[in-house]
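The values are calculated or read from the model by the stated rules, or taken from the named source; none is laboratory data. These figures come from a predicted structure and were not determined experimentally. Cβ coordinates were reconstructed from backbone atoms using ideal geometry, including for glycine residues, and neighbour counts include every protein chain displayed.
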Amino acid sequence: MPTAVGAKVDWIDANKEIVIVLGAKVEKINYALPGPDCAYLLEKVKTSTRWRMDLAQAEVIAFEANPTPRIGWYIINEPGSGDQHSKDFSDAAFDAYQADMEAVLSEILTLRKGQSTLIQAQNLYCPIYSDWKKMGIYEECQAAWTRLNQSLEQASAKYGVPTADIYSAFNGPNHDEDPVEGGLIGIDGEHVSTLGYEVMADIFRRLGYEFIVP
């Protein structure tokens, strides 16, 4: 039975064609946690025996990691004092996030060496444009979000992993549209709606399901 491992296994549910591609029922192993950050993910991929065993056996891998430990929580919280609202939008911060993602991919592909693997990346949609505008921080945060996605895309490209452009699908080709207004975000104002999952599935469908052999 093919195995899917990751913190984004809901992608499997939204993407029913993956079952057809694999030709079998998919066993899902979900390691999702609230707000897992890039440092935590990298540590687990490097040191957890269970995670490494599951990844070594997984034919389908999906993951994402919160970048806020690198760039600060300012981008998703009301600006204020203290570490919770700190920010670092410097090139060094984004380069550090990219290095984390490259290290995660390197570990995963090393574990899967010589085995056919379906691994795809997705960049990040932004559901909180209206909040940024109310707080007067839209311009700087939108630019930082775009830079964040560039870091993610560059890390994936380095290892030949295709990236689904969810950012453009949700926030428009110029990344200036609010996905909440388009009905792509659920009632909590943050996570994807049923329509949003349909859009995401279509993006992945068009990206294709080509296996790689690390």
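Among residues belonging to region 113-141 that are under 20 Å from the mean Cα position of the chain (by Cα) and within 23 Å of residue 45 (Cβ to Cβ), point out the one that is surrounded by the fewest Cβ atoms within 10 Å (Cβ to Cβ).
Step by step, filter region 113-141, then rank; the result is 124.
Considering only region 159-214, state which residues are of a type in the set (Asp, Glu) and not in a loop (DSSP other than H, G, I, E, B).
Across region 159-214, the qualifying residues are 198, 202.
Could you tell me whether region 110-122 includes any residue that is part of a helix (DSSP H, G or I) and not hydroxyl-bearing (Ser, Thr, Tyr)?
Yes.
Among the residues of region 180-190, what is the count of those that are touching a strand residue (DSSP E or B) at 6+ places or on another chain (Cβ under 7 Å) and touching a residue at least 40 places away in the same chain (Cβ under 8 Å)?
2
Name the residue, out of 118, 124, 152, 105, that is more than 21 Å from residue 71 (Cβ to Cβ) and in contact (Cβ under 8 Å) with a residue 24 or more places away in the chain.
Among 118, 124, 152, 105, only 118 is more than 21 Å from residue 71 (Cβ to Cβ) and in contact (Cβ under 8 Å) with a residue 24 or more places away in the chain.
State yes or no: is residue 144 within 25 Å of residue 44 (Cα to Cα) and aliphatic (A, V, I, L, M)?
Spelling it out, it is not the case that residue 144 is within 25 Å of residue 44 (Cα to Cα) and aliphatic (A, V, I, L, M).
Here's a check for you: in region 110-130, which residue that is within 16 Å of residue 145 (Cα to Cα) and of a type outside the set (A, V, I, L, M, F, W, C) is modelled with the lowest pLDDT?
Here the answer is 122.
Out of all the residues in region 168-209, which are at pLDDT 95 or above and of a type in the set (Ser, Thr, Tyr)?
168
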